[in-house]
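Beneath this line is the structure, given in structure tokens, with notes to follow.
The values are calculated or read from the model by the stated rules, or taken from the named source; none is laboratory data. Since the structure is predicted, the reported quantities are computational estimates derived from the model, not experimental observations. Cβ: placed from backbone, ideal geometry, glycine included. Neighbour counts: every protein chain shown.
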């Protein structure tokens with residue numbers, strides 16, 4: 001049996017699973033875990049689950065230890081370094097008049113690298129900026145250009161639905177979104193209604209697209225003439241989530257039909 005726990009790493013809303021081996025850990029504990037970038041600091045967000053070894057992916061990584069006082073001090077030191085690096089980088093960007101916007105700074109737990117996330121309209125020659133950063137901090141530096149969606153995911157915020165934006169809370173892969181998806185979900189094509197904080201089409205359109213596609217499989221399309229118990233009529237609207245259609249009869253009346261009821265009578 002393997003003892004699996006869910007851990008939320010720094011700067012990530014996603015829950016990653018790790019093998020705690022025989023280390024006694026509990027929900028809300030701070031832990032040091034193995035990642036592809038070396039050791040990382042995280043917080044346990046699920047209780048331990050015993051899972052048969054043959055059901056555990058071979059690629060799953062392990063918990064190194066419960067965070068010690070020294071680890072907590074290292075984490076605090078890294079956070080202080082991130083703040084200092086952010087301010088220094090902003091200063092140098094202004095001095096060199098570089099056409100870029102600094103979004104975030106991340107220092108890996110073992111200080112093997114400091115990553116600067118930025119946005120820009122075009123490619124930026126930041127070689128001199130990297131020299132400034134290396135000279136200042138004496139660490140390996142990486143400048144990583146990100147898009148508007150990734151920027152919004154890092155900054156977070158509230159969507160028009162009144163909840164935290166999906167990309168920062170639950171969506172881990174930012175799928176391609178198209179206007180066709182909005183049309184198929186009967187959304188208004190007003191850009192203000194279907195755009196997220198990033199100014200791009202809302203990620204939830206792609207997230208919900210498959211569900212709408214499945215629900216519409218058995219629904220007659222708008223404009224199609226169908227037979228009802230009250231005579232022939234033309235489909236004028238679809239209410240996909242309620243699985244209902246509005247039908248205009250030949251005498252001008254409009255009726256609402258439930259797809260499930262129609263299927264049972266067929």
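Within region 58-76, if we keep just the residues that are in contact (Cβ under 8 Å) with a residue 40 or more places away in the chain and within 13 Å of residue 7 (Cβ to Cβ), the residue that is surrounded by the most Cβ atoms within 10 Å (Cβ to Cβ) turns out to be 63.
Residues of region 38-57 being without any contact (Cβ under 8 Å) to a residue 40 or more places away in the chain and touching a strand residue (DSSP E or B) at 6+ places or on another chain (Cβ under 6 Å), which ones?
Residues of region 38-57 without any contact (Cβ under 8 Å) to a residue 40 or more places away in the chain: 42-45, 54-55, 57.
Scanning region 38-57 gives 42, 43, 44, 45.
Of all the criteria given as (1) under 14 Å from residue 9 (Cα atoms); (2) assigned to a loop (DSSP other than H, G, I, E, B), the one not satisfied by residue 40 is (2).
Residues in region 15-37 that are assigned to a loop (DSSP other than H, G, I, E, B), within 20 Å of residue 79 (Cβ to Cβ) and in contact (Cβ under 8 Å) with a residue 40 or more places away in the chain: 1 in all. For residue 129, the stated conditions hold: it is surrounded by 18 or more Cβ atoms within 10 Å (Cβ to Cβ) and either at pLDDT 95 or above or closer than 29 Å to residue 203 by Cβ (or both). Which members of region 60-86 meet the condition of being within 27 Å of the chain's Cα centre (by Cα) and assigned to a helix (DSSP H, G or I)? Result: 75, 76, 78, 79, 80, 81, 82, 83, 85, 86. Where helices (runs of 4 or more DSSP H) fall entirely within region 145-209, those with at least 1 residues that are under 21 Å from residue 239 (Cβ atoms) are at 179-184, 191-194.
One line per residue, one yes/no per condition, for (1) closer than 22 Å to residue 12 by Cα; (2) surrounded by 11 or more Cβ atoms within 10 Å (Cβ to Cβ):
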{"position": "162", "(1), (2)": "yes, no"}
{"position": "187", "(1), (2)": "no, yes"}
{"position": "198", "(1), (2)": "yes, yes"}
{"position": "228", "(1), (2)": "no, yes"}
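The condition of being in contact (Cβ under 8 Å) with a residue 12 or more places away in the chain and closer than 25 Å to residue 205 by Cβ holds for only one of 100, 170, that being 170.
Among the residues of region 137-160 satisfying the criterion of being on the phi < 0 side of the Ramachandran plot and in contact with a helix residue (DSSP H, G or I) (Cβ under 6 Å, 6 or more places away or on another chain), which is surrounded by the most Cβ atoms within 10 Å (Cβ to Cβ)? The qualifying residue surrounded by the most Cβ atoms within 10 Å (Cβ to Cβ) is 153.
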